[in-house]
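Here's the structure, in structure tokens; my notes come after.
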Amino acid sequence: MHTGQGIPRERLPQLLARMPKAELHIHIEGSLEPELIFRLAQRNGVALPYASVEELRKAYAFSNLQSFLDIYYAGASVLITEQDFHDMAQAYLRRAAADNVVHAEIFFDPQTHTARGVGMDTVINGLHRACAEAQAESGITASLILCFLRHLSEEEAFETLEQALPHRDKFIGVGLDSSEVGHPPEKFAKVFARCRELGLHLVAHAGEEGPPAYVWTALDLLKVERIDHGVQSIKDPALMARLVKDRIPLTVCPLSNLKLCVFPKLEEHNIGRLLEAGIVATINSDDPAYFGGYLNDNFLQTFAATGLTLQQAYQLAANSFEASFADASVKRRYNDLLDETFASFE
Ligand code: ADE
Ligand code: ZN
């Protein structure tokens, strides 16, 4: 455990970049950079409603979650072959390793692809191959979490689970994402119960735009182990107490929250208050190609805007390992590496 005492504040940016960390909230389709969208569109003969990379980037001005999701699903339409899914994940994992991400748990949205006639095998095999190769290349440990789209029905989620089960060994858990308000967690209680029986890890987006009530039902009805976003929990003191007591991690995404207008300014983000309340909060990038930054950008900009401390930098990295689904021995190795990095800055 380090407090950061003895490390000069001016070394904070370098320390944030250098410290080992886990990324637990990254949608792989949200790592698809405009350049790769255009390259894959050309490779696959897919027509895009934008004339250039610059024109596409200009469309990345969002007013809320839905305005982003419309563009995000359109961007994913260039993904057709197993190689496409592999190349997207390979690009993310190389970028993450450069940010000293040593462990990544990666969301994917199979329904976005199977609805267009792309096979579940194509999606999972391409992503899984990239994860295995990345570990051999940089040592990064990476695993996959299958997300159900909450704007679709629970029946469709069950069909998706059925299609994915032949690949049970290639993903570690399930999540719930897409349009939150109007699609509460309880809509998916049965399919999450089934996933629990199957021994899958369970997470869900809740309290991004939606109310604290959605965080309660994600915990009590879906029985999730982590909450993705969860920043609205701060409005409910009893919920905050529950998250602290049960050490339920929140995977917070500051630049995402800024770009989707969840907070008007990064200076007003509540990550500092969540940490001070004793919540196992982590920092993540969500959809880095769309929100203007990968993991280190999220750390650097958030610390610059909110004045978080060196001790909180240590806490956030330690939380990321605690909150991960890595084996205990892997967690110990990464915590030791974190301690060594802080010691080297003293
Ligand atoms: N899918 C990709 N990014 C998302 C987000 N921030 N919230 C909900 N669904 C998503
Ligand atoms: Zn997300």
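The values are calculated or read from the model by the stated rules, or taken from the named source; none is laboratory data. Since the model is a prediction, treat every value here as computed from it, not as a measurement. Ideal geometry is used to build each Cβ from the backbone, glycine not excepted, and the neighbour counts take in all protein chains shown.
Quick look at the values:
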{"read-out": "Test: I80 is of a type outside the set (S, T, N, Q) and touching a strand residue (DSSP E or B) at 6+ places or on another chain (Cβ under 7 Å)", "value": "no"}
{"read-out": "Test: residue in the stretch 207-215 that is away from ligand 1 (no atom under 16 Å from the Cβ) and either in contact (Cβ under 8 Å) with a residue 60 or more places away in the chain or under 26 Å from H151 (Cα atoms) (or both)", "value": "yes"}
{"read-out": "Candidate set from the stretch 243-258 (those that are part of a helix (DSSP H, G or I) and in contact (Cβ under 8 Å) with a residue 24 or more places away in the chain); member that is nearest to D287 (Cα to Cα)", "value": "S256"}
{"read-out": "Test result for I106, part of a loop (DSSP other than H, G, I, E, B), buried (at least 18 other Cβ atoms within 10 Å of the Cβ) and of a type in the set (V, I, T)", "value": "no"}
{"read-out": "Pair list, Cβ < 8 Å and 6+ apart or interchain, from the stretch 269-296 residues that are within 26 Å of Q66 (Cα to Cα) to residues that are more than 16 Å from ligand 1 (Cβ to nearest atom) and assigned to a loop (DSSP other than H, G, I, E, B)", "value": "I271/L308; A281/P249; T282/P249; Y294/D99; L295/D99; N296/D99; N296/N100"}
{"read-out": "Members of the stretch 259-280 found to be within 22 Å of F321 (Cα to Cα), outside any loop (DSSP other than H, G, I, E, B) and away from ligand 1 (no atom under 16 Å from the Cβ), listed by number", "value": "G272, R273, L274, L275, E276"}
{"read-out": "Meets criteria (buried (at least 19 other Cβ atoms within 10 Å of the Cβ), more than 16 Å from ligand 2 (Cβ to nearest atom), modelled with pLDDT of 95 or more and more than 20 Å from C253 (Cα to Cα)) for I140", "value": "yes"}
{"read-out": "Filtered residues of the stretch 102-122 (kept if free of Cβ contacts under 8 Å to residues at least 60 places away in the same chain and within 18 Å of the chain's Cα centre (by Cα))", "value": "P110, Q111"}
{"read-out": "Selection from the stretch 116-125 of residues that are touching a helix residue (DSSP H, G or I) at 6+ places or on another chain (Cβ under 8 Å) and surrounded by fewer than 22 Cβ atoms within 10 Å (Cβ to Cβ)", "value": "R116, M120, D121, T122, N125"}
{"read-out": "Number of the condition not met by M1 [criteria: (1) outside any helix (DSSP H, G or I); (2) modelled with pLDDT of 95 or more]", "value": "(2)"}
{"read-out": "Matching option when the condition is within 16 Å of ligand 1 (Cβ to nearest atom), within 23 Å of the chain's Cα centre (by Cα) and either assigned to a helix (DSSP H, G or I) or at pLDDT below 95 (or both), among L36, L69", "value": "L69"}
{"read-out": "Complete set of residues in the stretch 25-59 that are exposed (fewer than 15 other Cβ atoms within 10 Å of the Cβ) and among the polar types (S, T, N, Q)", "value": "Q42, N44, S52"}
{"read-out": "Cross-chain or 6+ apart pairs with Cβ under 8 Å, the stretch 53-81 first and in contact (Cβ under 8 Å) with a residue 12 or more places away in the chain and under 20 Å from P254 (Cα atoms), then within 16 Å of ligand 2 (Cβ to nearest atom) and among the polar types (S, T, N, Q)", "value": "L65/S179; Q66/S179; L69/S178; L69/S179"}
{"read-out": "When residues of the stretch 195-210 are limited to those that are under 19 Å from N64 (Cα atoms) and of a type outside the set (G, A, S), the one surrounded by the most Cβ atoms within 10 Å (Cβ to Cβ)", "value": "H205"}
